[in-house]
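Since every read-out is calculated from the coordinates, none of them should be taken as a lab result. Keep in mind the model is a prediction, meaning the values are calculated, not measured. Please note: Cβ atoms are built from the backbone with ideal geometry, for glycine as well, and neighbour counts cover all protein chains shown.
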Amino acid sequence: MFLCYIDESGIPELNSGTTHFILLGLAIEVWDWREQDREVEVFKGRYGLEGVEIHTGWMARRYLEQERTAGFDRLGREDRRRAVRRERDATILRKAALKGETAVRETRKNFRKTDPYIHLTQGERMDCLRGLADLIGSWGHARLFAEATDKRAFGSTPPRVPPREEGFTQLVTRFQMFLQRQADRRAVGILVHDNNLTAELRLTRLMRRFHEIGTMWTTIDRIVETPFFVDSQLTGGVQLADLCAYATRRFFENNETDLFDRIYPRFDRSGGRVVGIRHYTGSRVCTCRVCVEHR
């Protein structure tokens, strides 16, 4: 049995935010789960992140408060925390005086998201993410599945199927085909999706439809039930899927290869080509590594 943890990166709405929307699944064998979870927690412990959620987008950001603190990288971890929180308290006071309560609420929210990581320099945070990506890349039985949608391919015409639903259809299809290729004819999979109140009902109904009539490419008889929606703060597998989705989006949007190269070997392959990921660009011919290997 395989658990497929699903998360997304980017904004699915057209003409908004990111140029790409990524829906990605990280599948691991249930027998590997305990040891892999232990590996991740031990590694996080090196950075003082035991039991802390790994949210890649928040970890990868610059923290201006660190840059304003002279000799920050030479401080101990507790001194770093105190220094950043002092700077942040001062920022809150300035925002309250100049921009009002709405700006203060938004700033406090952003500070809460990054507070677990403020004892690490940006270089240390990126080293942590690289190490986690290397761990995923080393898991020989793990597989990645993803749909990378370039929203610019649609121009001003809305697609027949919205990016999130199309991405889910593609991911489910690829996971099903992977399960069909397993030597054990009883191999099945379960989908574990990050909580998403705006998408839960639509994806649940879509999965029920897949169980009834399949997708355009295959019947769905190896995936059990509809997706289980979980809190990413409590589920390490979803956090790792978040890291992989972030790395994939940054590859397509910014040609950033550092994290992506570390996980790329885990995308599913069959017949000598990568089949676990598709870069949808519409009628535009793309010559990126993924498109070349997919063809």
Within the range 175-241, DSSP-loop trypsin sites (Lys or Arg not before Pro) with at most 14 other C-beta atoms within 10 Å are ARG181, ARG185, ARG186
Taking Cα atoms, the helix 163-180 axis meets the longest principal axis of the chain at an angle in degrees (rounded to 10) of 60
per DSSP, antiparallel bridges as share of beta bridges in the chain, % nearest 5, sits at 55
Under the rule rounded for a/c under 1.5, else prolate if a/b exceeds b/c, else oblate, using alpha carbon gyration tensor axes a ≥ b ≥ c, the range 217-267 is classed as oblate
dims of the chain, Cα set, principal axes, largest to smallest, nearest Å -> 58, 47, 36
For the range 64-117 (alpha-carbon point model, no solvent) the Debye-based log₁₀ I(q)/I(0) at q = 0.22, 0.29, 0.30 Å⁻¹ works out to -0.82, -1.14, -1.18
Under the 7 Å Cα-to-Cβ spin-label approximation, THR102 and MET126 lie apart by a distance in nanometres of 3.5
Dipole check, the chain, charges on Cβ (K,R +1; D,E -1), about Cα centroid: among THR173, GLY51, GLY17 the Cα furthest to the positive pole belongs to GLY17
Most packed first (mean Cβ within 10 Å per residue), the peptides 70-79, 170-179 order as 170-179, 70-79
Counting sequence-distant residues (5 or more places) and residues on other chains, those with an amide H built under 5 Å from that of ILE277 are ALA146
The set of residues whose placed amide H lies less than 5 Å from the amide H of PHE267, leaving out same-chain residues fewer than 5 positions away, is LEU144
Measuring from its Cα centre, the range 64-117 shows a charge dipole (+1 at each Lys and Arg Cβ, -1 at each Asp and Glu Cβ) which, in debye to the nearest 20, is 160
Checked the range 190-278 with the C-alpha gyration tensor, a ≥ b ≥ c its square-rooted eigenvalues, rounded below a/c of 1.5, otherwise prolate if a/b is larger than b/c and oblate if not; verdict oblate
Taking a ≥ b ≥ c as the square roots of the eigenvalues of the Cα gyration tensor, with a/c under 1.5 meaning rounded and otherwise prolate when a/b exceeds b/c and oblate if not, the range 7-124 is oblate
Answer in debye to the nearest 20: the dipole magnitude of the chain about its Cα centre, from +1 Lys/Arg and -1 Asp/Glu charges placed on Cβ, is 660
Sparse-neighbourhood loop hits (trypsin sites (Lys or Arg not before Pro), the range 83-156; DSSP loop; Cβ within 10 Å at most 14 others) -> LYS99
